[in-house]
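The values are calculated or read from the model by the stated rules, or taken from the named source; none is laboratory data. Since the structure is predicted, the reported quantities are computational estimates derived from the model, not experimental observations. All Cβ positions, glycine included, derive from the backbone under ideal geometry; neighbour counts span all protein chains shown. These area figures cover heavy atoms from the full protein model, side chains too; ligands, DNA and RNA do not enter into them. Shrake-Rupley method; radii C 1.70, N 1.55, O 1.52, S 1.80 Å.
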Amino acid sequence: MPENPVPTRAFRVGVAGPVGTGKSSLIGTLCRELSAELQIGVITNDIYTDEDAQMLRAAGVLDPQRIRAVETGACPHTAIRDDITANDLAIEDLEADFAPLDLVLVESGGDNLTATFSPALVDAQLFVLDVAGGGDVVRKGGPGIARADLLVVNKTDLAPHVGVDAALMERQGREARDGRPVIALSRSDANSVAALCDWVRTMLAAYRSGVHHPQDPGPMAPHSHADGTVHAH
Ligand SMILES: Nc1nc2c(ncn2[C@@H]2O[C@H](COP(=O)(O)OP(=O)(O)O)[C@@H](O)[C@H]2O)c(=O)[nH]1
Ligand SMILES: [Mg+2]
């Protein structure tokens, strides 16, 4: 593929994965570790509230004004996949208010385990699982687990307490991903946090030099909503 033109806007990274796997915490960690070297903004997607944004503001890792919430209504996965307008506008506003930003982190709302970001919204995406969700989650797969730019197996510090072999989970992740990267992460393990930061730096450099192409992990599984509508995405 030809190289992209060198981009002028911030590098956008989507953070997807089931509720409670540590997406907001991971975004908080990245803000804390990288805000001295990069200008960062954050967008959260919540169904009816701005709880994730409030939690991140309270963590004190970034100027609270740089953290904005998109309220998605009943269908958060739609707001990151099919109709990305609200997220796009929120990112454009952030970029206008704090120009120039280097990095915008977008947290998905967690209503569907297989939700992925549209490559039109984010340049790269990571999918977060945690060891507490059980070792077989990786094998069950899904587009984010198999094909997101990065799979994070999170909360490895909890593995002994929940009877899960974190190293095995990481290995199964690698097997499911055809060589795409996997990071076993714990916010209390400095080496793993450093590996995550290095991944962001490497991707940002590739984006800036025009050699990075946003990948689509693929659509989520077809599913129906409470009102009876069926979404194939
Ligand atoms: N033990 C442990 N707990 C974590 C870690 N990361 C996040 N958590 C906790 O997991 C819970 C859910 O985290 P949160 O970031 O809100 O998950 P989200 O729903 O995916 O955004 C919170 O109680 C966090 O404190 C970690 O590395 N280790
Ligand atoms: Mg969250």
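Out of region 154-183, which residues are open to solvent by 30 Å² or more (accessible area, probe 1.4 Å), out of contact with any Leu (no Cβ under 9 Å at 6 or more places or on another chain) and among the small types (Gly, Ala, Ser)? Hits for region 154-183 are Gly163, Ala167, Gly179. Residue check: Ala148 meets all listed conditions (1) within 19 Å of Gly28 (Cα to Cα); (2) touching a residue at least 60 places away in the same chain (Cβ under 8 Å); (3) in contact with a Phe, Trp or Tyr (Cβ under 8 Å, 6 or more places away or on another chain) but one, namely (1). Selection of region 39-66 for residues being more than 12 Å from ligand 2 (Cβ to nearest atom), touching a residue at least 40 places away in the same chain (Cβ under 8 Å) and open to solvent by 20 Å² or more (accessible area, probe 1.4 Å) yields only Gln39. Total residues in region 72-101 satisfying the condition of being surrounded by 16 or more Cβ atoms within 10 Å (Cβ to Cβ), more than 16 Å from ligand 1 (Cβ to nearest atom), over 16 Å from the mean Cα position of the chain (by Cα) and not aliphatic (A, V, I, L, M): the figure is 3. Every condition in (1) in contact with an Asp or Glu (Cβ under 6 Å, 6 or more places away or on another chain); (2) more than 16 Å from ligand 1 (Cβ to nearest atom); (3) open to solvent by less than 30 Å² (accessible area, probe 1.4 Å) is met by Pro119 except one, and the failing one is (3).
Identify, please: which residue in region 122-152 is crowded, with 20+ Cβ neighbours inside 10 Å and in a loop (DSSP other than H, G, I, E, B) and is, among those, modelled with the lowest pLDDT?
Residues of region 122-152 that are crowded, with 20+ Cβ neighbours inside 10 Å, as a first pass: 122-131, 133, 137-138, 142, 144-145, 147-152.
Still in the list and also in a loop (DSSP other than H, G, I, E, B): 122-123, 142, 148-149.
Working: Val122: 98, Asp123: 98, Gly142: 88, Ala148: 96, Asp149: 97.
Going through the qualifying residues, I end up with Gly142.
Residues in region 18-35 that are more than 6 Å from ligand 1 (Cβ to nearest atom) and either under 17 Å from Val153 (Cβ atoms) or in contact with a strand residue (DSSP E or B) (Cβ under 8 Å, 6 or more places away or on another chain) (or both): how many?
Taking region 18-35 first, the residues more than 6 Å from ligand 1 (Cβ to nearest atom) are 18, 26-35.
Right, trim to either under 17 Å from Val153 (Cβ atoms) or in contact with a strand residue (DSSP E or B) (Cβ under 8 Å, 6 or more places away or on another chain) (or both) and you get 18, 26-27, 29-31, 34.
Qualifying residue count, region 18-35: 7.
Pairing residues of region 73-88 that are of a type in the set (D, E, K, R) with residues that are open to solvent by 30 Å² or more (accessible area, probe 1.4 Å), at Cβ distances under 8 Å and at least 6 apart in sequence or on separate chains, gives Arg81/Pro219; Arg81/His233; Asp82/His233.
Kindly evaluate Asp52 against the criterion of being acidic (Asp, Glu), within 12 Å of ligand 1 (Cβ to nearest atom) and in contact with a helix residue (DSSP H, G or I) (Cβ under 9 Å, 6 or more places away or on another chain). So Asp52 passes the test. Listed by first and then second residue, the pairs with beta-carbon distance under 6 Å, at least 6 apart or on different chains, first residue in region 12-27 and more than 17 Å from Asp50 (Cα to Cα), second near ligand 2 (Cβ under 9 Å from one of its atoms) and basic (Lys, Arg), are Gly17/Lys23.
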